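Structure, as structure tokens:
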Amino acid sequence: MIEGDHGSAFLHPDSADARVVIGHQIRLQAAAGGDALVGRQLQPLLTAAGYDDVAVRARTVYADSTRPALVDGFTRSTFIAMIESVRDDALAAGCTDVASWDRGIADLHRTADDGGTFHYTFAKGHAVNPGPGPAAQES
């Protein structure tokens with residue numbers, strides 16, 4: 001399985017406003033029962049679920065102007081689009097105001113411009129389902 005972790009987003013130019021809008025998405029997803037920080041928990045979750053041979057490795061995405069397809073496909077069309085999608089919910093929940101939201105989103109977009117960089121980490125986990133054990137076969 002592969003899971004992202006929004007806490008792993010590193011931006012250049014760095015921006016407190018951009019980190020705030022990312023934080024709004026994290027909080028709104030948590031309020032809806034999700035977890036945008038689940039990547040960091042993958043190994044303990046798989047282990048606690050009873051899987052064997054659990055192995056989790058970091059898979060990073062680093063996008064800059066030398067990789068325009070990645071800048072467009074991941075930074076703009078995946079990550080920034082996902083953050084932008086919670087705008088109305090963030091405003092309705094009173095998390096932010098329009099001007100603050102717009103500043104954060106504009107700063108996120110700067111990471112996809114020339115001179116900007118965007119780094120994100122996914123956790124890729126592999127585990128083996130042990131199947132029914134002797135106790136399960138006896139019942």
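Scan segment 101-116 and give yes if some residue there is of a type in the set (A, V, I, L, M, F, W, C) and within 18 Å of Leu37 (Cα to Cα), otherwise no. Checked against the condition, which is being of a type in the set (A, V, I, L, M, F, W, C) and within 18 Å of Leu37 (Cα to Cα), segment 101-116 yields no hits at all. Considering segment 51-64, the residues that are of a type in the set (Gly, Ala, Ser) and under 16 Å from Tyr120 (Cα atoms) include one that is most open to solvent (accessible area, probe 1.4 Å), namely Ala58. The set of residues in segment 93-112 that are open to solvent by 60 Å² or more (accessible area, probe 1.4 Å) and not in a loop (DSSP other than H, G, I, E, B) comprises Val98, Asp102, Arg103, His109, Arg110.
If I filter segment 73-92 for residues that are part of a helix (DSSP H, G or I), surrounded by 13 or more Cβ atoms within 10 Å (Cβ to Cβ), under 15 Å from the mean Cα position of the chain (by Cα) and of a type in the set (Asp, Glu), do I get at least one hit? Yes, there is a match, as at least one residue in segment 73-92 is part of a helix (DSSP H, G or I), surrounded by 13 or more Cβ atoms within 10 Å (Cβ to Cβ), under 15 Å from the mean Cα position of the chain (by Cα) and of a type in the set (Asp, Glu).
The one condition from (1) under 23 Å from Met1 (Cα atoms); (2) in a loop (DSSP other than H, G, I, E, B) that Gly115 does not meet is (1). Filtering segment 3-50 to residues that are over 24 Å from Ala112 (Cα atoms), open to solvent by 50 Å² or more (accessible area, probe 1.4 Å) and not in a helix (DSSP H, G or I) leaves Ala32, Gly33, Asp35, Ala49.
Of the numbered criteria (1) part of a helix (DSSP H, G or I); (2) at pLDDT 95 or above; (3) over 17 Å from the mean Cα position of the chain (by Cα), the one Ala136 fails is (2).
For Asp107, the conditions (1) on the phi < 0 side of the Ramachandran plot; (2) in contact (Cβ under 8 Å) with a residue 60 or more places away in the chain; (3) in contact with a His (Cβ under 9 Å, 6 or more places away or on another chain) are fulfilled apart from (3). Mind checking whether some residue in segment 68-81 is in contact (Cβ under 8 Å) with a residue 60 or more places away in the chain and among the small types (Gly, Ala, Ser)? Checking segment 68-81: not a single residue is in contact (Cβ under 8 Å) with a residue 60 or more places away in the chain and among the small types (Gly, Ala, Ser).
The values are calculated or read from the model by the stated rules, or taken from the named source; none is laboratory data. None of these values were measured; they are calculated from a predicted model. As a convention, Cβ positions derive from the backbone with ideal geometry for all residues, glycine included, and neighbour counts pool all protein chains shown. Heavy atoms of the whole protein, side chains included, go into the accessibility calculation; ligands, DNA and RNA do not. Shrake-Rupley method; radii C 1.70, N 1.55, O 1.52, S 1.80 Å.
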